[in-house]
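The values are calculated or read from the model by the stated rules, or taken from the named source; none is laboratory data. Just so it is clear, the model here is predicted, and its values are computed rather than measured. Please note: Cβ atoms are built from the backbone with ideal geometry, for glycine as well, and neighbour counts cover all protein chains shown.
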Amino acid sequence: MPQTSPDFADLAVVDRNGFIESRHAGTAVVLGEDGSVLRSLGDIDAPVFPRSALKPFQALASMQCGVPLRGAEVALACASHVGSTEHQDLAATMLAKAGLGPEDLRCPTAWPRHEATRLAEIRAGGTPSRLAFNCSGKHAAFLWACTENGWDTASYLDPGHPLQRHVVEVVEDYAGEKITHLAVDGCGAPVPAISLRGLAAATGRLAGSPGNKASDARATTIATAMLDYPWAVHGHGEENTVVMEDLEVIAKLGAEGVLILGTAAGISCAVKVRDGNSRPASLVGLTLLASVGAIEIDAMTAVLEKISQPVLGGGQPVGRIRVARPVLDLLD
């Protein structure tokens, strides 16, 4: 049976040999450049945790606090990277410019998710490191903001720290709503709850900033850098990177099934998958953008063929993840 709650809608189904094996319900919204709702599914005003989809706005807060990020450093500050040698070296360079080192990071340690780098580090007798953690670029930018302003570096993740208070101000400004609840993200940083509508509004404003002379120049730098250095945001061949390389659409996944997408025209999409599984997020988000003419259907289809997770049986494709009826209905 389809999801019937008014708070959620069926977004995608997993088809195995013609049988619906799993369903992913959630919420989604597409906003026009003027903030008008072009597409919506479920309760788009219910608060969600953006998780790592918030990183471009956390990077913006760091830059507004004086961090002189350049080029790929900007993209890495927005990243949920795979911990490749490139990613780790860039994060280390950012810390060195701030006069700090990896030991100053307060994010957890991790093995690289990038297979070649992980295997090389294991063979060399390495151990999990903070540089390999997917949020190390964001944390390096946070620390750099502290050294630029003479703020305490040991407490930079405290919600009362001047930097984290400014992050809240930036999110409220771009989302157009007040934050009433803060939690702790997986990396240890504060994460606010905002509505999916607010998250999409913030995304559209950021993505459209290069074409808006009234925009903050640092927002323009972020939107431009994410598309110029997409490998730094995720990783070569990874989902967000492929979307940005092939479609010129800003893309940022967040944990627990969150995704933001934004076009240069300021059209934006935000998706939250109810069960926290991110596998249908890009399929749903890109389909919704195509439904309003924001991206070409043929280009979208080619991208989805690259990034969609196959449904396998005995190592061979036996099905696929496809959008559910409520999403299809919006294509008519």
*Which residue, of Gly83, Gly66, Gly137, Gly126, is more than 25 Å from Ile222 (Cβ to Cβ), modelled with pLDDT of 95 or more and either surrounded by fewer than 23 Cβ atoms within 10 Å (Cβ to Cβ) or under 22 Å from the mean Cα position of the chain (by Cα) (or both)?*
Gly126
*Among the residues of the range 111-123, how many are touching a strand residue (DSSP E or B) at 6+ places or on another chain (Cβ under 9 Å), surrounded by 18 or more Cβ atoms within 10 Å (Cβ to Cβ) and outside any helix (DSSP H, G or I)?*
1
*Out of all the residues in the range 169-199, which are part of a loop (DSSP other than H, G, I, E, B), without any contact (Cβ under 8 Å) to a residue 60 or more places away in the chain and among the hydrophobic types (A, V, I, L, M, F, W, C)?*
Ile179
*Tell me, yes or no, whether the range 192-204 has at least one residue that is of a type in the set (Lys, Arg), buried (at least 19 other Cβ atoms within 10 Å of the Cβ) and out of contact with any Cys (no Cβ under 6 Å at 6 or more places or on another chain).*
yes
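Quick one: would you say Ala79 is among the small types (Gly, Ala, Ser), in a helix (DSSP H, G or I) and either touching a residue at least 40 places away in the same chain (Cβ under 8 Å) or within 13 Å of His139 (Cβ to Cβ) (or both)? Even if it seems obvious, please write down each step before you answer.
Values: among the small types (Gly, Ala, Ser): yes; in a helix (DSSP H, G or I): no; either touching a residue at least 40 places away in the same chain (Cβ under 8 Å) or within 13 Å of His139 (Cβ to Cβ) (or both): yes.
No: the conditions fail for Ala79.
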*asked:* Could you check the range 138-167 and list, in sequence order, the residues that are outside any helix (DSSP H, G or I) and more than 23 Å from His81 (Cβ to Cβ)?
replied: Gly150, Trp151, Asp152, Ala154, Ser155, Asp158, Pro159, Gly160, His161
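Modelled with pLDDT of 95 or more and either under 13 Å from the mean Cα position of the chain (by Cα) or farther than 19 Å from Arg23 by Cβ (or both), is that true of Ala251? If you could, list the steps in order and put the result at the bottom.
Numbers: modelled with pLDDT of 95 or more: yes; either under 13 Å from the mean Cα position of the chain (by Cα) or farther than 19 Å from Arg23 by Cβ (or both): yes.
Answer is yes for this residue.
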*Collect the residues in the range 224-248 that are over 11 Å from the mean Cα position of the chain (by Cα) and among the charged types (D, E, K, R), keeping them in residue-number order.*
Asp228, Glu238, Glu245, Asp246, Glu248
_Criterion (aliphatic (A, V, I, L, M) and within 17 Å of Ile222 (Cβ to Cβ)) met by exactly one of Ala120, Ala98, Ala110, Ala75_ = Ala75
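Which of the residues that make up the range 11-48 are of a type in the set (Gly, Ala, Ser), over 12 Å from Val284 (Cα atoms) and crowded, with 19+ Cβ neighbours inside 10 Å?
So in the range 11-48, the residues of a type in the set (Gly, Ala, Ser) come out as 12, 18, 22, 25-26, 28, 32, 35-36, 40, 42, 46.
Among the residues that remain, those that are also over 12 Å from Val284 (Cα atoms) are: 18, 22, 32, 35-36, 42, 46.
Of everything in the range 11-48, just one residue is of a type in the set (Gly, Ala, Ser), over 12 Å from Val284 (Cα atoms) and crowded, with 19+ Cβ neighbours inside 10 Å, namely Gly42.
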*Name the pairs: first residue in the range 200-226 and acidic (Asp, Glu), second residue part of a helix (DSSP H, G or I), Cβ to Cβ under 8 Å, at least 6 apart or on different chains?*
Asp216/Leu60; Asp216/Gln64; Asp216/Ser209
*If you go through the range 278-294, how many residues are surrounded by 22 or more Cβ atoms within 10 Å (Cβ to Cβ) and free of Cβ contacts under 8 Å to residues at least 60 places away in the same chain?*
4
